[in-house]
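Take a look at the structure set out below.
The values are calculated or read from the model by the stated rules, or taken from the named source; none is laboratory data. This is a predicted model, so every value here is computed, not measured. We place every Cβ from the backbone using ideal geometry, glycine too, and count neighbours over all the protein chains shown. Ligands, DNA and RNA are excluded from the accessible area calculation, which covers all protein heavy atoms including side chains. Shrake-Rupley method; radii C 1.70, N 1.55, O 1.52, S 1.80 Å.
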Amino acid sequence: MTTSSTPATRSTRSIGSPLLPPGSAGAVTEWFPTQWPRIGGKALLPLADNAFTGERFRAAYQAGKLVFVYVAGCGEDHSMPTVATGLLGLARRLRMPIHKVSVTAQVNLRDRFRELNVDHYGALTTSGDGYRCSDLGYDNWMAQHILPKGKPLTGSPVVLAERCLAVRLPANLSIREFDKLLHGRMRNAALNPWLKSGAGSAHCDLLGIDPREAMRATAYGFGEIMRASESQEFYIFRPKGFDADRLIRIAERIIHDHVVAPKRQPTAGWKSRGQGFGQAFSRPV
């Protein structure tokens, strides 16, 4: 599989040639000339080594709430080992590294995964004939190890913890705003928009897959009413290696820029697509 630093034109591999031994449990087992986007893209700038130990940051930073950035996967069904279910099944069908990356303020990450399991987060898709359908395996969410090549900067409010990044926000940065800023800086590698792009369509053509069948949504229940909202937290992301380093740098960059170069804007509420701004439909009886 090529990356942005390894142009596909230089490879002598044939499309579909094996990357891993037959029967491997990995998601990306065959080579395709697709260049995966990396979160943050070219706009991700490095920080100075003393970014968090310098006088300017230390004088302005006041510690606030603790949040956790996690990477999650789902889909391994031991009762149906031959059926590709959940996000793992989708990754195998697309031959792509796909994970859910998001933020929670819940100290016990397992509570967050229980919520994702109840919602079957990401289970909704569109069938080839245009109908909404719910895929199996999106009720078995598990935290993944985040294993960067490097580590957070000295004095960083971002700490590499067990299966997550522990982030101490500035006192004047809300959890919701940090969440939105994080996703904003990763949006170049978001799954659904990428599948709609020319690169995504070309990749799906190589596989003989309709991109619409791979795009994900979630049905949220509110009493007798259900709302379907696009699942925006799926990314082309590898938690072991340089993508993990980039995730750390993005979180650090958000906090550093907020503290030393704040852009004060009028407060505006975030609309929640899952709780009133999605497509509504009745719950089946």
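Here the stretch 124-230 is assigned +1 on the Cβ of each Lys and Arg and -1 on the Cβ of each Asp and Glu. Its dipole about the Cα centre then comes out at about 620 debye.
Probe of 1.4 angstrom, ligands and nucleic acids ignored: what's the accessible area per residue over the stretch 101-224, in square angstrom?
Solvent-accessible surface per residue comes out at 50 Å².
Across the stretch 146-243, the relative contact order, built from alpha-carbon pairs under 8 Å that are at least six residues apart, equals 30 percent.
For the peptides 173-183, 40-50, the ranking by mean Cβ contacts within 10 Å, running from highest to lowest, is 173-183, 40-50. Using a Debye calculation, one point per C-alpha and no hydration shell, please list log10 I(q)/I(0) for the stretch 74-198 at q = 0.16, 0.17, 0.20, 0.21 Å⁻¹ in order. Evaluating at q = 0.16, 0.17, 0.20, 0.21 Å⁻¹ gives log10 I(q)/I(0) of -1.00, -1.11, -1.40, -1.47. When the charge dipole of the stretch 146-231 is built from unit charges on Cβ atoms (+1 for Lys and Arg, -1 for Asp and Glu) and taken about the Cα centre, the candidate among A202, F178, P152 whose Cα reaches farthest toward its positive end is P152.
For the stretch 138-179, a simple Cβ point-charge model (Lys and Arg +1, Asp and Glu -1, everything else neutral) yields a dipole of about 240 debye relative to the Cα centre. Taking the centroid of alpha carbons for each part, the stretch 198-262 and the stretch 74-128 are 13 Å apart. The listed peptides 66-72, 220-226, ordered by packing as a protection proxy, come out as 66-72, 220-226 (highest mean of other Cβ atoms within 10 Å first). Carbon and sulfur: what percent of the stretch 37-187's accessible surface (1.4 Å probe)? Ligands and nucleic acids excluded, carbon and sulfur reach 52 percent. Placing unit charges on the Cβ atoms only, positive for Lys and Arg and negative for Asp and Glu, gives the stretch 75-126 a dipole magnitude near 200 debye about its Cα centre.
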